1. At 222 nm, what helix-only mean residue ellipticity would the chain give, in deg cm²/dmol to the nearest 500, using -39500 (n - 2.57) for each DSSP H run of four or more?
2. So what is the relative contact order of the chain, in percent, for Cα pairs below 8 Å that sit 6 or more residues apart?
3. Carbon and sulfur atoms: what percent of the 1.4 Å accessible area of segment 1-55 do they account for?
4. Kindly sort Ser2, Ser64, Ser8 by accessible area of their heavy atoms, largest first, with the probe set to 1.4 Å.
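The values are calculated or read from the model by the stated rules, or taken from the named source; none is laboratory data. Here the structure is a predicted model, which is why all the values come from computation and not from measurement. These area figures cover heavy atoms from the full protein model, side chains too; ligands, DNA and RNA do not enter into them. Shrake-Rupley method; radii C 1.70, N 1.55, O 1.52, S 1.80 Å.
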Amino acid sequence: MSRPTFESDLDRVMDMGFGRRVLREIIAMGMCDVPFIKDPLEMAYKLGQLHTAQDLDRRIRDMSGDKWLLMHREMMALDEDEDKEPKE
């Protein structure tokens with residue numbers, strides 16, 4: 001029996017809706033608009049977050065483009081639902 005790999009574990013997590021939501025949130029938390037600020041330590045931290053988020057997003061996309069696309073489509077559907085006015 002072969003040992004599980006990061007990619008195989010990630011693939012299994014992406015099979016489940018809650019897994020895609022968690023990974024999407026982790027990626028979103030790491031994406032910052034402007035990582036370049038005056039404080040060099042804070043800038044290094046923000047750049048590290050950005051790199052980690054981009055790397056995770058890339059690894060998911062490279063592993064399974066279909067699951068990556070599904071994750072982003074689900075995110076867009078959630079955003080659309082939040083923008084809708086409540087029904088009366």
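1. After summing the helix terms and dividing by residue count, I get -25000 deg cm²/dmol.
2. The normalised contact order for the chain reaches 29 percent.
3. Exposed carbon and sulfur together represent 61 percent of the surface.
4. My answer, sorted largest first, is Ser2, Ser8, Ser64.
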